[in-house]
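The values are calculated or read from the model by the stated rules, or taken from the named source; none is laboratory data. None of these values were measured; they are calculated from a predicted model. Please note: Cβ atoms are built from the backbone with ideal geometry, for glycine as well, and neighbour counts cover all protein chains shown. Areas reflect the complete protein model, heavy atoms only, side chains present, ligands, DNA and RNA absent. Shrake-Rupley method; radii C 1.70, N 1.55, O 1.52, S 1.80 Å.
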Amino acid sequence: MAFQEKRAWIMAVTAIGGYAAYLAVVLGRAGGGVTLAEVPYMAPMLWSIGASIAASIALGIAIAVASPEDAGVKDQRDREIGRLGEYAGQSFLVVGAVTALGLSLAEAGHFWISNAIYLGFALSAVLGSLVKIAAYRWGFQSW
């Protein structure tokens, strides 16, 4: 497995894990007369984002240490697959930003705006990683 493919797997797993943990905490706090928009969400959001970033960095270092001959090596194919994944992932960044803009214009609460942006980031990371993994596994057409 190529080093860059391993990094894509790490990004997918940490993005899914971080967002799932965030949802578990926030949804667990809802109920008992507390609406979802009233749940304290900032600390769990910041912690899950920070933990995802830290885990991604730590796992990236671990795979670099485990196979130092592959670490940092990128050929043309790796660069094209990386570009393809980033372009695919950016679509969810745009969707998240437009949704947040719409919520802002509708004067929705900060909870909904923040969560739209966070979901956009999480989906962007997951989609970009899955596109990269698929390209490594099944190939892709470079134009």
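Matching residues to (1) under 17 Å from the mean Cα position of the chain (by Cα); (2) exposed (fewer than 15 other Cβ atoms within 10 Å of the Cβ):
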position: 54; (1), (2): yes, yes
position: 72; (1), (2): no, yes
position: 83; (1), (2): yes, yes
position: 89; (1), (2): yes, no
position: 102; (1), (2): no, yes
position: 120; (1), (2): yes, no
Restricting attention to the range 66-120, which residues are touching a residue at least 40 places away in the same chain (Cβ under 8 Å) and over 15 Å from residue 7 (Cβ atoms)? 80, 88, 109, 111, 112, 114, 115, 118, 119
Read through the list (1) open to solvent by less than 30 Å² (accessible area, probe 1.4 Å); (2) at positive phi, then give the number of the only condition that residue 107 fails. (1)
